[in-house]
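Note sheet for the following structure.
The values are calculated or read from the model by the stated rules, or taken from the named source; none is laboratory data. Computed from a prediction, not measured in an experiment: that's the story for all the values here. As a convention, Cβ positions derive from the backbone with ideal geometry for all residues, glycine included, and neighbour counts pool all protein chains shown. Protein only, heavy atoms only, side chains kept; ligands, DNA and RNA dropped before computing areas. Shrake-Rupley method; radii C 1.70, N 1.55, O 1.52, S 1.80 Å.
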Amino acid sequence: RVAVVGAGVSGLTATKCCLDEGLEPTCFEQSQDIGGLWRYTEHIEAGRPSLYPSVISNTSKEMSAFSDFPYPEDFPVFLPNARLLDYLRRYAEHFGLWKHIKFETTVVSIQKRPDFATTGQWDVVTQVDGKRTSHVFDAVMVCSGNFYEPSLPLHCFPGIERFQGQYFHSRQYKHPDVFRGKRVLVVGMGNSGVDIAVEASRVATKVQPPSQLTSQGAWVLSRVFDHGYPWDMVFNTRLMSLIRNSLPGSLSWGLINYKVNQRFKHENYGLQPEKSRVVREPVINDDLPSYILTGRITIKPSVKEFKDNSVVFYNCPEEEPIDIVIFCTGYNVSFPFLEEAVIKVENKHASLYKYVFPTHLQRPTLAVLGLIKPFGAIMPVTEMQARWVTRVFRGLCQLPPQSVMEKEVQEKSKNQVQWFGLSFDEVLKTDCLVYMDELASFIGAKPSVLGLLCRDPWLALTIFFGPCTPYQYRLRGPGHWEGARQAILTQWDRTLKPTRTRV
């Protein structure tokens, strides 16, 4: 019996993978519906993510699909949140997941049983309408995500306590009307920060710079990439991954730098990352460069201090009048239902083997899914995690000794700090293709391009030179899907179908 915490993207695929492996899942969802981050509500609910209505997926539908369930061909290439939620509903219906989900059920605590060393079992306490119930589970899959506890480090912004204007975290943002006629400062340059700045600039005042973004710089990519194809279907191919990971560091960085500056030179727009040899999570936005060109958005250095009705930036002597500040400063990693001894979080980072398993448990019967920021779509990554985890739960895959896992976690943390820069979530970021291949090799589902070259050369060439769509991981091994080959060979048909509407 497996307890699954949360019925978002990770929780749904975890439930499905449990069923595939003959396990008995019970998914606990504290709200009244599935979807997690992708279910929009006008009001903000405690303990769950909050979405603004204009959110569109940053990854294309073919790269974001679960590996044995392609999106309908008429769905748009990049999905508004309502369409993505529709896909999740279809997924739950197709694989019979609804009956395994208990809605409006809050997980209060998860603790090891007294005989954990021999059984690996957990005591799980849930609450419904104020009534608590205890359960015993053989394993736990934590799929609660990390987008519900906002990080608002006000101590890093001198003078904010005397600022007389309005300020709030991006989690509270819903509609741009709040910015109408105002002078807006957006702090932070992740995807949410840029999205909100773009929306704010359409309604903010024209007297002062309508919206100001502060950051250490970022790579900005458009959803529309080379020759009009989706960015991730061009960027995340096996050929491109091989080149990126085979070249010396300086050459690899040079290639990425050249590619991201083809659309526009970041340095000319004030967007060049301060540490020129650091690769950060890219920002996916189609409007930012043109909004900078037209003066709607001004890029500023980091905030030095706030005054009563203004802000002072580093290297800028003049004060800038400001009415509203929105902090797009990310989220904390939090597991309120777990003891700190189970998963210890330090510096907003949980030390997990392959971003999934705590390294110190006597029995590998608890796993965390989705606590990762891949350079690509999260859905197939969490699905691959779930496929591996359920095989570990069944005893069909073994984890290495504790010392080996701890050593790898430490080394990976050091290496990624150097590669990705000292941002709060640096150790969560990874190359999704390399990571997926690694987990797939654990369960025997990694595609063999050389093996296919003899048996099915057209498929092999499509897999190597084309986008690394998730269906590749259903060609062989446990969970083999008969439709995988056809899904791969028709992936561009489904991509271009919704754009070729002028018959």
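Using 0.36 nm per residue of separation minus the Cα-Cα distance, give me the extension gain between N245 and R263 in nm, one decimal.
Fully extending the segment from N245 to R263 adds 4.2 nm.
On a C-alpha basis, how far is the centre of the stretch 424-500 from the centre of the stretch 233-267 in Å? Whole number, if you could?
21 Å
Along the Cα-to-Cβ line of D74, 7 Å from the Cα, sits a label point; which residues in the stretch 465-503 have backbone N less than 16 Å from it?
494-503, by backbone N distance to the label point.
How long is the gain from Q32 to S441 if the chain were fully straight, where each residue apart is worth 0.36 nm and the alpha carbon distance is subtracted?
Working it through step by step, the gained length comes to 143.5 nm.
Please report the carbon-and-sulfur percent of the accessible area for the stretch 150-331; probe 1.4 Å, protein heavy atoms only, DNA, RNA and ligands left out.
The computed percentage sits at 51.
Could you sort the peptides 221-234, 125-138 by per-residue average Cβ neighbour count (10 Å cutoff), highest mean leading?
The most tightly packed comes first, giving 221-234, 125-138.
Suppose each label sits 7 Å from its Cα in the direction of the beta carbon; what would the K407-I44 distance come out to in nanometres?
It is 4.6 nm.
Report the full-extension gain for the segment V108 to L255: residue separation times 0.36 nm, less the Cα-Cα distance, to one decimal in nm.
Residue separation times 0.36 nm, minus the Cα-Cα distance, leaves 48.1 nm.
Using a probe radius of 1.4 Å on heavy atoms only, what accessible surface per residue do you get for the stretch 150-331? Whole Å² is fine.
The answer is 45 Å² per residue.
Treat the stretch 150-331 as a sphere of radius equal to its Kirkwood radius over Cα pairs and apply Stokes-Einstein at 20 °C in a medium of 1.002 mPa s; give the translational diffusion coefficient in µm²/s, rounded to a whole number.
Translational D for this selection: 123 µm²/s.
Of V2, W481, P301, which is farthest on the positive side of the dipole of the chain, counting Cα position, with +1 on Lys and Arg Cβ, -1 on Asp and Glu Cβ, and the Cα centre as origin?
Among V2, W481, P301, the one farthest towards the positive end of the dipole of the chain is W481.
What 222 nm value per residue comes from the helices of the chain, counting each DSSP H run with n ≥ 4 as -39,500 (n - 2.57) and dividing by all residues, nearest 500 deg cm²/dmol?
Theoretical 222 nm ellipticity from helices: -8500 deg cm²/dmol.
Where the centroid of each part is defined by its Cα atoms, how far is the stretch 170-201 from the stretch 66-87 in Å?
27 Å
What order, most packed first, do the peptides 74-86, 170-182 have when packing is the mean number of other Cβ atoms within 10 Å of each residue?
Final packing ranking: 74-86, 170-182.
Relative to the first principal axis of the alpha-carbon coordinates of the chain, what is the inclination of helix 81-94, with its axis defined by its Cα atoms, in degrees from 0 to 90 and to the nearest 10?
10 degrees
Beyond 29 Å, how much of the Cα-Cα pair distribution for the chain remains, as a whole percent?
Roughly 53 percent, once rounded to a whole number.
So how do 155-167, 438-450, 56-68 stack up, highest first, on mean other-Cβ count within 10 Å?
56-68, 438-450, 155-167
So what is the relative contact order of the stretch 150-331, in percent, for Cα pairs below 8 Å that sit 6 or more residues apart?
40 percent
How large is the charge dipole for the chain, taken about the Cα centre, if only the Cβ atoms of Lys, Arg (+1) and Asp, Glu (-1) carry charge, to the nearest 20 debye?
My answer is approximately 700 debye.
Compute the accessible area per residue over the stretch 1-50, keeping the other protein chains in place, probe 1.4 Å, unit Å².
31 Å²
Against the longest principal axis of the chain, how steep is helix 379-393, in degrees 0 to 90 to the nearest 10, with axes from Cα atoms?
30 degrees
Using only the C-alpha atoms of the stretch 249-370, find the volume of their convex hull and express it per residue in Å³.
Per residue, the Cα convex hull of the stretch 249-370 comes to 195 Å³.
Among the aspartates and glutamates, which have Cα under 18 Å from the Cα of K182 when same-chain residues fewer than 8 positions away are ignored?
Hits, sequence-local ones excluded: D195, E199, D308, E319, E320, D323.
Could you pull out the pairs from K131/K344; K102/K131; K61/K497 whose alpha carbons sit more than 18 Å apart here?
Distance filter (> 18 Å) returns K131/K344.
Once the Cα atoms of helix 432-443 and of the chain are each reduced to a long axis, what angle between those two axes, in degrees from 0 to 90 to the nearest 10, is obtained?
Once rounded, one gets 10 degrees.
Compare the Cα positions of P248, F116, T359 along the charge dipole of the chain (+1 at Cβ of Lys, Arg; -1 at Cβ of Asp, Glu; about the Cα centre) and return the one farthest towards the positive end.
P248
Can you give the FRET efficiency for H94 and C156, using 1/(1 + (r/R0)^6), R0 = 41 Å, r = Cβ-Cβ distance, to the nearest 0.05?
About 0.30, to the nearest 0.05.
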